[in-house]
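Worksheet for the structure shown next.
The values are calculated or read from the model by the stated rules, or taken from the named source; none is laboratory data. Only a predicted model underlies this, so the values are computations on that prediction, with no experimental measurement involved. With ideal geometry, Cβ positions are generated from the backbone for all residues, glycine too; neighbour counts draw on all protein chains shown. What goes into the accessible areas is simple: the full protein's heavy atoms, side chains included, and nothing from ligands, DNA or RNA. Shrake-Rupley method; radii C 1.70, N 1.55, O 1.52, S 1.80 Å.
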Amino acid sequence: DLHSNLNMLKELLAVLLCLMSSVADIQKTSVSTCASQGSSYYYDVPSLTCSQCTTNQIPSIDKQQCVCSANAIASYTSWTASSGPSLQCTVCTGGTFPTKVQQTCIACGTTASSTTSLNLSAAIISATCIAYGPSSVVSGVCTCPVGYILTDFNATGALANNEGKLCLLCPFNTYVDSTNPYRCMPCSDEKMRRDSTGRCSCPSGYVEDSVLAAGSSASDASLVGIHVCVDQSVVQGQSFALGSFAQQKYYDVVDAGGAITSSVVVDRSLPFAAYYVASVARCKATRHTPSCQALANLCALTLFSSDHPTCQAYQDITKTVLQSSINGFKGWYLAMPWLFYEQTTQEVLFATGINRGCAFVVV
(Lines give C-alpha, C1' and ligand atoms only; values in the text may rest on other atoms or scores of the structure.)
Protein backbone atom coordinates (compact mmCIF):
# COMPACT_ATOMS: atom_id res chain seq x y z
CA ASP A 1 0.00 0.00 0.00
CA LEU A 2 0.98 3.66 -0.12
CA HIS A 3 2.21 3.76 3.51
CA SER A 4 4.46 0.74 2.98
CA ASN A 5 5.87 2.22 -0.23
CA LEU A 6 6.66 5.50 1.53
CA ASN A 7 8.45 3.67 4.33
CA MET A 8 10.44 1.70 1.79
CA LEU A 9 11.41 4.90 0.00
CA LYS A 10 12.58 6.46 3.27
CA GLU A 11 14.70 3.43 4.00
CA LEU A 12 16.25 3.56 0.53
CA LEU A 13 17.05 7.25 0.94
CA ALA A 14 18.63 6.55 4.31
CA VAL A 15 20.79 3.82 2.79
CA LEU A 16 21.78 6.22 0.02
CA LEU A 17 22.92 8.78 2.61
CA CYS A 18 25.05 6.13 4.25
CA LEU A 19 26.56 5.15 0.89
CA MET A 20 27.33 8.75 0.11
CA SER A 21 29.38 9.01 3.30
CA SER A 22 31.81 6.45 1.84
CA VAL A 23 33.22 9.15 -0.42
CA ALA A 24 33.19 11.85 2.26
CA ASP A 25 36.97 12.26 2.30
CA ILE A 26 37.13 12.44 -1.50
CA GLN A 27 34.41 15.05 -1.59
CA LYS A 28 36.43 17.24 0.79
CA THR A 29 38.74 17.91 -2.16
CA SER A 30 37.81 21.05 -4.07
CA VAL A 31 39.15 23.44 -6.69
CA SER A 32 40.67 25.66 -3.99
CA THR A 33 42.29 22.64 -2.31
CA CYS A 34 44.03 21.68 -5.55
CA ALA A 35 45.02 25.26 -6.41
CA SER A 36 46.73 25.57 -3.03
CA GLN A 37 49.07 22.70 -3.96
CA GLY A 38 50.70 24.73 -6.73
CA SER A 39 50.05 26.64 -9.95
CA SER A 40 50.18 23.48 -12.08
CA TYR A 41 47.47 21.60 -10.15
CA TYR A 42 43.80 21.29 -11.11
CA TYR A 43 40.67 19.55 -9.80
CA ASP A 44 40.00 16.42 -11.85
CA VAL A 45 36.19 16.24 -11.92
CA PRO A 46 35.74 12.56 -12.98
CA SER A 47 37.93 11.25 -10.13
CA LEU A 48 37.21 14.07 -7.65
CA THR A 49 40.92 14.35 -6.91
CA CYS A 50 43.81 16.79 -7.51
CA SER A 51 46.04 16.19 -10.54
CA GLN A 52 49.00 18.00 -12.06
CA CYS A 53 49.33 19.37 -15.58
CA THR A 54 52.35 18.17 -17.55
CA THR A 55 54.78 19.75 -20.03
CA ASN A 56 53.50 22.79 -21.95
CA GLN A 57 50.18 22.63 -20.08
CA ILE A 58 48.49 24.94 -17.58
CA PRO A 59 45.25 24.62 -15.58
CA SER A 60 42.18 26.09 -17.26
CA ILE A 61 40.59 29.27 -15.92
CA ASP A 62 38.12 27.24 -13.84
CA LYS A 63 40.99 24.98 -12.62
CA GLN A 64 39.09 21.84 -13.62
CA GLN A 65 41.22 20.59 -16.53
CA CYS A 66 44.52 21.17 -18.30
CA VAL A 67 44.84 23.29 -21.42
CA CYS A 68 47.83 24.04 -23.62
CA SER A 69 49.94 27.06 -22.82
CA ALA A 70 49.51 30.11 -25.05
CA ASN A 71 52.43 29.16 -27.34
CA ALA A 72 51.35 25.56 -28.01
CA ILE A 73 48.77 23.64 -30.07
CA ALA A 74 46.65 20.78 -28.75
CA SER A 75 46.03 17.21 -29.85
CA TYR A 76 44.69 14.10 -28.14
CA THR A 77 46.06 10.58 -28.07
CA SER A 78 43.56 7.88 -28.93
CA TRP A 79 41.30 6.54 -26.21
CA THR A 80 42.05 2.97 -25.19
CA ALA A 81 40.38 0.55 -22.80
CA SER A 82 43.14 1.04 -20.25
CA SER A 83 43.88 4.75 -20.57
CA GLY A 84 41.91 7.90 -21.12
CA PRO A 85 42.48 10.41 -23.93
CA SER A 86 45.68 12.28 -23.19
CA LEU A 87 46.14 15.95 -24.04
CA GLN A 88 49.39 16.57 -25.92
CA CYS A 89 50.71 20.14 -26.29
CA THR A 90 53.30 21.00 -28.91
CA VAL A 91 55.04 24.39 -28.89
CA CYS A 92 54.95 26.29 -32.19
CA THR A 93 58.42 27.01 -33.65
CA GLY A 94 60.03 28.72 -36.62
CA GLY A 95 58.28 32.03 -36.15
CA THR A 96 54.79 30.48 -36.10
CA PHE A 97 52.04 30.97 -33.55
CA PRO A 98 48.92 29.00 -32.47
CA THR A 99 45.55 29.76 -34.02
CA LYS A 100 42.81 30.89 -31.64
CA VAL A 101 41.53 27.31 -31.12
CA GLN A 102 45.14 26.07 -30.81
CA GLN A 103 44.90 23.48 -33.57
CA THR A 104 47.52 24.74 -36.05
CA CYS A 105 50.68 26.86 -36.06
CA ILE A 106 50.75 29.72 -38.58
CA ALA A 107 52.98 32.74 -39.17
CA CYS A 108 51.94 36.35 -38.73
CA GLY A 109 50.87 37.84 -42.07
CA THR A 110 53.82 39.62 -43.72
CA THR A 111 51.45 41.97 -45.54
CA ALA A 112 49.12 42.67 -42.65
CA SER A 113 50.06 46.35 -42.58
CA SER A 114 49.81 46.86 -46.31
CA THR A 115 46.31 47.82 -47.41
CA THR A 116 47.33 47.52 -51.05
CA SER A 117 47.64 43.74 -50.75
CA LEU A 118 44.25 43.30 -49.12
CA ASN A 119 41.02 43.27 -51.09
CA LEU A 120 39.29 45.86 -48.94
CA SER A 121 37.09 46.93 -51.86
CA ALA A 122 35.15 43.69 -51.50
CA ALA A 123 34.67 44.16 -47.76
CA ILE A 124 32.66 47.39 -48.08
CA ILE A 125 30.18 47.74 -50.95
CA SER A 126 27.09 49.82 -51.67
CA ALA A 127 23.75 48.60 -50.44
CA THR A 128 20.98 47.82 -52.93
CA CYS A 129 17.65 49.57 -52.70
CA ILE A 130 14.70 47.31 -53.47
CA ALA A 131 11.36 49.00 -53.99
CA TYR A 132 8.28 47.31 -52.64
CA GLY A 133 4.68 48.18 -51.85
CA PRO A 134 2.89 51.38 -52.85
CA SER A 135 5.46 54.12 -53.30
CA SER A 136 3.22 56.48 -51.39
CA VAL A 137 3.46 54.20 -48.33
CA VAL A 138 7.08 53.07 -48.34
CA SER A 139 9.87 53.89 -50.74
CA GLY A 140 11.92 50.73 -50.34
CA VAL A 141 14.36 48.81 -48.22
CA CYS A 142 18.14 48.55 -48.40
CA THR A 143 19.56 45.05 -48.62
CA CYS A 144 22.98 43.43 -48.78
CA PRO A 145 24.40 40.22 -50.30
CA VAL A 146 24.70 37.10 -48.17
CA GLY A 147 27.27 37.55 -45.43
CA TYR A 148 27.12 41.35 -45.34
CA ILE A 149 25.50 43.63 -42.77
CA LEU A 150 24.07 47.06 -43.37
CA THR A 151 25.96 50.03 -41.99
CA ASP A 152 25.29 53.75 -41.95
CA PHE A 153 28.99 54.60 -41.67
CA ASN A 154 31.85 54.69 -44.15
CA ALA A 155 35.37 53.26 -43.83
CA THR A 156 36.51 56.22 -41.70
CA GLY A 157 33.66 55.76 -39.23
CA ALA A 158 31.84 58.90 -40.33
CA LEU A 159 28.16 58.91 -41.23
CA ALA A 160 27.92 57.91 -44.91
CA ASN A 161 26.01 61.01 -46.07
CA ASN A 162 27.75 61.04 -49.44
CA GLU A 163 28.09 57.30 -50.01
CA GLY A 164 24.67 56.25 -48.71
CA LYS A 165 24.07 53.04 -46.81
CA LEU A 166 26.87 50.52 -47.22
CA CYS A 167 27.30 46.77 -46.81
CA LEU A 168 30.08 45.49 -44.56
CA LEU A 169 31.37 41.93 -44.89
CA CYS A 170 31.00 39.86 -41.71
CA PRO A 171 33.89 37.63 -40.52
CA PHE A 172 33.81 34.10 -41.98
CA ASN A 173 32.79 32.53 -38.64
CA THR A 174 29.72 34.74 -38.16
CA TYR A 175 26.30 35.15 -39.73
CA VAL A 176 23.88 38.04 -40.20
CA ASP A 177 21.21 38.29 -37.54
CA SER A 178 17.87 37.66 -39.28
CA THR A 179 16.12 40.11 -36.95
CA ASN A 180 18.79 42.80 -37.17
CA PRO A 181 20.59 43.21 -40.53
CA TYR A 182 23.06 45.58 -38.86
CA ARG A 183 24.65 42.90 -36.70
CA CYS A 184 27.09 40.02 -37.27
CA MET A 185 26.49 37.12 -34.89
CA PRO A 186 29.15 34.51 -33.98
CA CYS A 187 28.58 30.93 -35.08
CA SER A 188 27.73 28.62 -32.18
CA ASP A 189 30.83 26.45 -32.70
CA GLU A 190 34.36 27.65 -33.47
CA LYS A 191 34.66 24.96 -36.16
CA MET A 192 31.73 26.41 -38.10
CA ARG A 193 32.04 28.63 -41.16
CA ARG A 194 29.38 30.64 -42.96
CA ASP A 195 28.26 28.87 -46.14
CA SER A 196 26.90 30.29 -49.38
CA THR A 197 23.40 30.48 -47.92
CA GLY A 198 24.58 32.58 -44.98
CA ARG A 199 24.12 29.75 -42.48
CA CYS A 200 26.83 28.49 -40.12
CA SER A 201 27.84 24.96 -41.13
CA CYS A 202 30.23 22.35 -39.76
CA PRO A 203 33.34 21.44 -41.81
CA SER A 204 33.85 18.17 -43.62
CA GLY A 205 34.05 15.24 -41.22
CA TYR A 206 31.72 16.88 -38.72
CA VAL A 207 27.96 17.19 -38.40
CA GLU A 208 25.84 19.54 -36.31
CA ASP A 209 24.28 17.85 -33.30
CA SER A 210 20.99 19.65 -33.93
CA VAL A 211 20.70 18.06 -37.37
CA LEU A 212 21.16 14.59 -35.84
CA ALA A 213 18.71 15.32 -33.05
CA ALA A 214 16.03 16.57 -35.44
CA GLY A 215 16.41 13.55 -37.72
CA SER A 216 13.92 13.57 -40.58
CA SER A 217 12.12 16.55 -39.10
CA ALA A 218 14.45 19.26 -40.44
CA SER A 219 12.18 21.99 -39.11
CA ASP A 220 13.07 20.90 -35.56
CA ALA A 221 16.82 21.52 -36.05
CA SER A 222 16.61 25.06 -34.69
CA LEU A 223 14.71 23.85 -31.61
CA VAL A 224 16.88 20.94 -30.46
CA GLY A 225 20.54 20.33 -29.70
CA ILE A 226 23.08 22.95 -28.67
CA HIS A 227 24.28 23.63 -32.25
CA VAL A 228 27.82 22.30 -32.05
CA CYS A 229 29.90 20.17 -34.41
CA VAL A 230 30.47 16.53 -33.50
CA ASP A 231 32.80 14.02 -35.11
CA GLN A 232 30.85 12.28 -37.87
CA SER A 233 32.87 9.06 -37.54
CA VAL A 234 31.79 8.75 -33.91
CA VAL A 235 28.06 8.99 -34.62
CA GLN A 236 28.07 7.20 -37.97
CA GLY A 237 25.49 4.44 -38.05
CA GLN A 238 24.04 5.51 -34.71
CA SER A 239 20.34 6.26 -34.55
CA PHE A 240 19.13 9.34 -32.68
CA ALA A 241 15.35 9.19 -32.34
CA LEU A 242 14.03 12.41 -30.80
CA GLY A 243 10.86 10.63 -29.70
CA SER A 244 12.98 8.18 -27.73
CA PHE A 245 15.84 10.07 -26.06
CA ALA A 246 13.82 13.24 -25.40
CA GLN A 247 10.90 11.38 -23.85
CA GLN A 248 10.69 11.27 -20.07
CA LYS A 249 8.31 9.09 -18.09
CA TYR A 250 7.33 9.70 -14.47
CA TYR A 251 5.62 7.13 -12.26
CA ASP A 252 3.16 7.53 -9.38
CA VAL A 253 2.80 11.27 -9.87
CA VAL A 254 1.00 13.01 -7.00
CA ASP A 255 -0.96 16.13 -7.93
CA ALA A 256 -1.78 19.11 -5.71
CA GLY A 257 -4.96 17.42 -4.53
CA GLY A 258 -3.16 14.27 -3.45
CA ALA A 259 -4.43 12.10 -6.30
CA ILE A 260 -1.88 9.68 -7.75
CA THR A 261 -1.47 9.08 -11.47
CA SER A 262 0.31 5.83 -12.29
CA SER A 263 2.47 7.40 -15.03
CA VAL A 264 2.89 10.67 -16.90
CA VAL A 265 4.83 10.97 -20.15
CA VAL A 266 6.62 14.14 -21.29
CA ASP A 267 7.03 13.71 -25.04
CA ARG A 268 9.87 16.22 -25.40
CA SER A 269 11.83 17.12 -22.29
CA LEU A 270 13.91 20.22 -23.12
CA PRO A 271 17.14 19.21 -21.30
CA PHE A 272 17.19 15.85 -23.08
CA ALA A 273 16.31 17.36 -26.49
CA ALA A 274 19.09 19.91 -26.05
CA TYR A 275 22.01 18.00 -24.55
CA TYR A 276 21.68 14.30 -25.36
CA VAL A 277 23.27 14.06 -28.82
CA ALA A 278 26.24 16.35 -28.15
CA SER A 279 26.88 14.73 -24.76
CA VAL A 280 26.93 11.21 -26.20
CA ALA A 281 29.10 12.12 -29.20
CA ARG A 282 31.67 14.19 -27.35
CA CYS A 283 31.93 11.85 -24.37
CA LYS A 284 32.32 8.88 -26.68
CA ALA A 285 34.94 10.62 -28.84
CA THR A 286 37.40 12.03 -26.30
CA ARG A 287 35.79 11.61 -22.89
CA HIS A 288 35.11 15.36 -22.97
CA THR A 289 34.56 15.95 -19.25
CA PRO A 290 31.63 18.42 -19.40
CA SER A 291 29.86 16.15 -21.92
CA CYS A 292 30.36 13.00 -19.86
CA GLN A 293 29.11 14.86 -16.79
CA ALA A 294 26.06 16.09 -18.73
CA LEU A 295 25.29 12.57 -19.93
CA ALA A 296 25.53 11.25 -16.37
CA ASN A 297 23.22 14.01 -15.14
CA LEU A 298 20.65 13.17 -17.82
CA CYS A 299 20.76 9.53 -16.72
CA ALA A 300 20.25 10.64 -13.12
CA LEU A 301 17.18 12.64 -14.18
CA THR A 302 15.62 9.37 -15.37
CA LEU A 303 16.25 7.93 -11.88
CA PHE A 304 18.99 5.74 -13.42
CA SER A 305 16.57 3.89 -15.67
CA SER A 306 18.47 1.20 -17.59
CA ASP A 307 15.79 1.39 -20.29
CA HIS A 308 16.40 5.04 -21.12
CA PRO A 309 18.82 5.89 -23.98
CA THR A 310 20.86 8.22 -21.74
CA CYS A 311 21.72 5.51 -19.23
CA GLN A 312 22.22 2.97 -22.01
CA ALA A 313 24.68 5.32 -23.73
CA TYR A 314 26.56 5.88 -20.44
CA GLN A 315 26.84 2.15 -19.83
CA ASP A 316 27.88 1.44 -23.43
CA ILE A 317 30.76 3.89 -23.02
CA THR A 318 31.91 2.47 -19.68
CA LYS A 319 31.94 -1.05 -21.17
CA THR A 320 34.96 0.01 -23.24
CA VAL A 321 36.95 1.01 -20.14
CA LEU A 322 39.12 -1.50 -18.26
CA GLN A 323 39.96 0.64 -15.23
CA SER A 324 36.79 0.39 -13.19
CA SER A 325 37.91 0.86 -9.59
CA ILE A 326 38.88 4.51 -9.35
CA ASN A 327 39.56 5.52 -5.72
CA GLY A 328 39.02 1.87 -4.80
CA PHE A 329 35.33 1.81 -5.70
CA LYS A 330 34.28 -0.84 -8.21
CA GLY A 331 32.06 0.68 -10.86
CA TRP A 332 33.88 4.03 -10.88
CA TYR A 333 35.36 4.10 -14.38
CA LEU A 334 38.41 5.99 -15.58
CA ALA A 335 37.61 9.52 -16.86
CA MET A 336 33.90 8.96 -16.26
CA PRO A 337 31.54 10.22 -13.54
CA TRP A 338 30.51 7.58 -11.01
CA LEU A 339 26.86 6.54 -11.23
CA PHE A 340 26.49 2.90 -10.21
CA TYR A 341 27.82 0.63 -7.46
CA GLU A 342 28.98 -2.73 -8.83
CA GLN A 343 29.60 -4.42 -5.49
CA THR A 344 26.98 -6.50 -3.79
CA THR A 345 24.71 -4.82 -1.27
CA GLN A 346 26.57 -6.52 1.57
CA GLU A 347 29.95 -5.31 0.28
CA VAL A 348 28.75 -1.73 0.06
CA LEU A 349 26.95 -1.59 3.40
CA PHE A 350 29.75 -3.25 5.36
CA ALA A 351 32.73 -1.72 3.54
CA THR A 352 35.47 -0.69 5.98
CA GLY A 353 36.19 2.35 3.83
CA ILE A 354 33.07 3.99 5.22
CA ASN A 355 34.72 6.01 7.94
CA ARG A 356 31.77 8.05 9.06
CA GLY A 357 28.73 6.96 10.97
CA CYS A 358 25.18 7.95 10.05
CA ALA A 359 21.87 7.57 11.74
CA PHE A 360 18.32 7.82 10.50
CA VAL A 361 14.82 7.55 11.83
CA VAL A 362 11.93 6.14 9.80
CA VAL A 363 8.66 7.77 10.86
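Values computed for the structure shown
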read-out	value
Portion, in percent, of the accessible area of the range 150-271 that falls on carbon or sulfur, probe 1.4 Å	54
Mean separation of Cα contacts under 8 Å (6+ apart) over length of the range 264-324, as relative contact order %	25
J(HN,Hα) series, the range 178-184, from Karplus relation 6.51 cos²θ - 1.76 cosθ + 1.60, nearest Hz, glycine and proline x	5, 9, 8, x, 9, 9, 8
Mean separation of Cα contacts under 8 Å (6+ apart) over length of the range 227-359, as relative contact order %	16
Net charge of Cβ neighbours under 13 Å - reference Thr320; Lys, Arg +1; Asp, Glu -1	+2
Neighbourhood net charge (15 Å Cβ-Cβ; Lys/Arg +1, Asp/Glu -1) for Cys202	-1
Efficiency of FRET between Glu190 and Gln238 - r from beta-carbon atoms, R0 30 angstrom, step 0.05	0.80
Reachable aspartates and glutamates from Lys191, criterion Cα separation under 14 angstrom, eight or more residues apart if same chain	Glu208, Asp209, Asp231
Prolate/oblate/rounded call for the range 262-345, Cα gyration tensor, a/c under 1.5 rounded	oblate
Accessible area expressed per residue, the range 149-288, with surrounding protein chains retained (probe 1.4 Å, Å²)	56
Ala35-Ala70 FRET efficiency (beta carbon distance; Förster radius 22 Å; 0.05 resolution)	0.65
